[in-house]
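**Q** Here it is: the structure, laid out below.
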Amino acid sequence: MGRAYQNRKDSMAKTANAKTKVYSKYGREIYVCAKQGGPDPDGNLSLRNLIDRAKKDQVPTHVIERAIEKAKGSGGEDYSAARYEGFGPGNCMVIVDCLTDNPNRTFGDVRVCFTKTKSKIGTPGSVSHMFDHCAIFAFAGDDEEAVLEALMEAEVDVTDIENEEGRITVFAPNTEYAKAKQALADAFGEIDFEVDEIQFLPQTTAPVTGEDVEMFDKFLDMLNDLDDVQNVYHNADVQ
């Protein structure tokens, strides 16, 4: 699996006002999660995990609490998920995940990012079949056999386990996220996860070189500047 899961954080860090954007994206995601599954983290596992991730990314408590309080009220925004796929600079493959209250506006905004950077937006499924939708957990440790045994006893469908420089990384299908996290907690107690999220991991990489590097940076900046964009996944290997 390699370290490809780093590409999301690298992409997010490229915006000049990255912190504000991260807060906004988490706030919207927490709002939607609390609205759909309930505002109590104890009764909404997805919300609890999302709050944990937000805190790790240093999202202030007031941002989290405001989003949850907003979700408790009646009415409010009606967000829906939207996913766009295509080919970016250097012919790399790109997946753009959004939360939007106006799909037509969001599609238009995302399409502009593609067209202004000599990229091509595709149809649903045009590149996602070349990515694995994975749950990823990384934490300090060196006994991958014990980790594998704990996951197998819990009947978790493990895709891969890596042991690199004192860090264990577990990969599993995205549908196994909650089950895998609970199995790790049951076996090893409270774990301080360095990575705890669901991502699209590319099965192959595409080298991005020369003039395409600057265009690729511009492409990511434009996408991450859109309020509706939550995550950008790609298979670019910038050289």
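The values are calculated or read from the model by the stated rules, or taken from the named source; none is laboratory data. Remember, it's a predicted structure, so these values are computed and weren't measured experimentally. Quick reminder, even Gly has a Cβ in these numbers, built from the backbone with ideal geometry, and neighbours come from all protein chains shown. Note: areas computed on protein heavy atoms with side chains; ligands, DNA, RNA excluded. Shrake-Rupley method; radii C 1.70, N 1.55, O 1.52, S 1.80 Å.
**Q** Among the strands (runs of 3 or more DSSP E) lying completely within the stretch 101-176, list those that include at least 1 residues that are farther than 30 Å from Lys218 by Cβ and open to solvent by less than 20 Å² (accessible area, probe 1.4 Å). Working first, answer last.
**A** Values: elements: 131-140, 160-164, 167-173.
Fully inside the stretch 101-176 and qualifying: 131-140, 167-173.
**Q** If you don't mind, there's one more thing I want to ask. Does the stretch 222-239 hold any residues that are open to solvent by less than 40 Å² (accessible area, probe 1.4 Å) and polar (S, T, N, Q), and which are they?
**A** Of all residues in the stretch 222-239, those open to solvent by less than 40 Å² (accessible area, probe 1.4 Å) come to 223-224, 226, 228-236.
Within the stretch 222-239, Asn224, Gln230, Asn231, Asn235 meet the criteria.
**Q** Hey, another quick one. Restricting to the stretch 26-50, and then to whatever is among the hydrophobic types (A, V, I, L, M, F, W, C) and open to solvent by less than 20 Å² (accessible area, probe 1.4 Å), can you tell me which residue is nearest to Leu99 (Cα to Cα)? Can you show your working first?
**A** First, the residues of the stretch 26-50 that are among the hydrophobic types (A, V, I, L, M, F, W, C): 30, 32-34, 45, 47, 50.
Now restrict to residues that are open to solvent by less than 20 Å² (accessible area, probe 1.4 Å): 30, 32, 34, 47, 50.
Details: Ile30: 11, Val32: 9, Ala34: 14, Leu47: 16, Leu50: 15 Å.
Step by step, filter the stretch 26-50, then rank; the result is Val32.
**Q** Still on this structure: Just to be sure, is Phe219 in a helix (DSSP H, G or I) and touching a Ser or Thr at 6+ places or on another chain (Cβ under 8 Å)? Talk me through it step by step, then tell me what you get.
**A** Values: in a helix (DSSP H, G or I): yes; touching a Ser or Thr at 6+ places or on another chain (Cβ under 8 Å): yes.
Yes, satisfied.
**Q** Still on this structure: Residue by residue through the stretch 54-81, note down the ones that are part of a helix (DSSP H, G or I) and open to solvent by less than 50 Å² (accessible area, probe 1.4 Å). Quick ask: steps written out before the conclusion?
**A** As a first pass, look at the stretch 54-81 and keep what is part of a helix (DSSP H, G or I): 54-56, 61-72.
Hits for the stretch 54-81 are Ala54, Val63, Ile64, Ala67, Ile68, Ala71.
**Q** OK, next. Residues of the stretch 71-87 being over 13 Å from Leu47 (Cβ atoms), touching a residue at least 12 places away in the same chain (Cβ under 8 Å) and not acidic (Asp, Glu), which ones? If you could, list the steps in order and put the result at the bottom.
**A** Start the filter on the stretch 71-87 by keeping residues that are over 13 Å from Leu47 (Cβ atoms), which leaves 73-87.
Now restrict to residues that are touching a residue at least 12 places away in the same chain (Cβ under 8 Å): 76-87.
Gly76, Tyr79, Ser80, Ala81, Ala82, Arg83, Tyr84, Gly86, Phe87 - these are the residues of the stretch 71-87 that are over 13 Å from Leu47 (Cβ atoms), touching a residue at least 12 places away in the same chain (Cβ under 8 Å) and not acidic (Asp, Glu).
**Q** Applying the selection to the stretch 178-195, what residues are touching a residue at least 12 places away in the same chain (Cβ under 8 Å) and surrounded by fewer than 21 Cβ atoms within 10 Å (Cβ to Cβ)?
**A** To start, the set of residues in the stretch 178-195 that are touching a residue at least 12 places away in the same chain (Cβ under 8 Å) comprises 178-184, 186-188, 191-195.
Answer for the stretch 178-195, where residues must be touching a residue at least 12 places away in the same chain (Cβ under 8 Å) and surrounded by fewer than 21 Cβ atoms within 10 Å (Cβ to Cβ): Ala178, Lys179, Gln182, Asp186, Ala187, Phe188, Ile191, Asp192, Phe193, Glu194, Val195.
**Q** On the basis of being among the aromatic types (Phe, Trp, Tyr), closer than 15 Å to Gly88 by Cβ, in contact with a helix residue (DSSP H, G or I) (Cβ under 6 Å, 6 or more places away or on another chain) and open to solvent by less than 50 Å² (accessible area, probe 1.4 Å), does Phe200 make the cut?
**A** So Phe200 does not fit the description; no.
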